[in-house]
Structure formats: structure tokens, C-alpha cells
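Below: the structure, in C-alpha cells.
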Amino acid sequence: MCSTRVLAWKEQTVVSECVECLHMNIWHANLLLNFSRNEFLSFKKVINSLNFWDHSHPFPDGSERIILRTPNSDISFTFEETDFELFKQAVDEAIYMSEVYALMR
């Protein structure tokens, strides 16, 4: 396992980066996704392009949620609006902090 540093932490979402290989990890609840830097930047573009209300659906529990597909087609996140915004903030903050660490190297 890589030696990681936390770049962002918002509620249930933690984004970390391996200090050696610079792979990015998204830890959300009990899921862990791993990305190369380029894959992470592409993922960021996709989630930031989504408007919650244009892509949300009613769920059986009565809540409105957006389904966010992951690079693995069998795994998707579902977020209520507030959780989705926090998730996007964590990803954005992680990119910013990763750039700060890159400047310090």
C-alpha cells in the first residue's frame, strides 16, 4: 500500500494522494476508488459538468438523488444534493492541494 497524504476531507469523502506514485484515491463511506492523476482530472471534469437537478431521479425512499457512475461500470455512487456538492468540493480541493504539494517538491 502506498504512503498517502490527505488532500481533502468533506463529511464522508476523503481524497488522498500517494506521495511516491501520485495516484489519487477517493474514499467515500466504504468505497475506495483509485485513479492516475489524468484519470482523476477527467473524473473531476465529468462531475463538475453535472447539474444536480438536470440529472437527479426520485429514489424509493422519497429522496432526489443523482447517480454518478465510476470508472467501473458495475459501481455507481448516489448522492442527495448536499452530499453531491460536498463530494465535488472535496475533489476540487484535492486538485488544489495536490498542486500546492507539487510546487513544494
remark   = the stretch 33-105: helices (runs of 4 or more DSSP H) wholly inside it with 2 or more residues that are of a type in the set (G, A, S) and either without any contact (Cβ under 8 Å) to a residue 24 or more places away in the chain or touching a Gly at 6+ places or on another chain (Cβ under 8 Å) (or both) are 37-49
ask   = From L68, L103, which residue is touching a strand residue (DSSP E or B) at 6+ places or on another chain (Cβ under 6 Å) and among the aliphatic types (A, V, I, L, M)?
value = L68
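Residue-by-condition table, conditions (1) closer than 27 Å to A102 by Cβ; (2) hydrophobic (A, V, I, L, M, F, W, C); (3) at pLDDT 95 or above:
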| position | (1), (2), (3) |
| --- | --- |
| W9 | yes, yes, yes |
| E20 | yes, no, no |
| S49 | yes, no, yes |
| F52 | no, yes, yes |
| S56 | no, no, yes |
| T70 | yes, no, no |
| S76 | no, no, no |
inquiry  = Out of everything in the stretch 78-105 that is among the small types (G, A, S) and modelled with pLDDT of 95 or more, what residue ends up being surrounded by the fewest Cβ atoms within 10 Å (Cβ to Cβ)?
reply    = A90
key: Enumeration of residues in the stretch 6-32 that are out of contact with any strand residue (DSSP E or B) (no Cβ under 8 Å at 6 or more places or on another chain) and in a strand (DSSP E or B)   = K10
Within the stretch 53-105, considering residues that are of a type in the set (F, W, Y) and closer than 17 Å to Q12 by Cβ, the one nearest to the chain's Cα centre (by Cα) = F87
ask   = In the stretch 44-63, how many are charged (D, E, K, R) and surrounded by 13 or more Cβ atoms within 10 Å (Cβ to Cβ)?
value = 1
query = Under the condition of being free of Cβ contacts under 8 Å to residues at least 60 places away in the same chain and not aromatic (F, W, Y), which residue from the stretch 23-32 is farthest from W9 (Cα to Cα)?
reply = H23
note = The residue that is farthest from D83 (Cα to Cα), considering only those in the stretch 12-43 that are charged (D, E, K, R) and surrounded by fewer than 18 Cβ atoms within 10 Å (Cβ to Cβ), is E20
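The values are calculated or read from the model by the stated rules, or taken from the named source; none is laboratory data. Source: prediction; values computed, not measured. Virtual Cβ from ideal backbone geometry, glycine too; neighbours counted across all protein chains shown.
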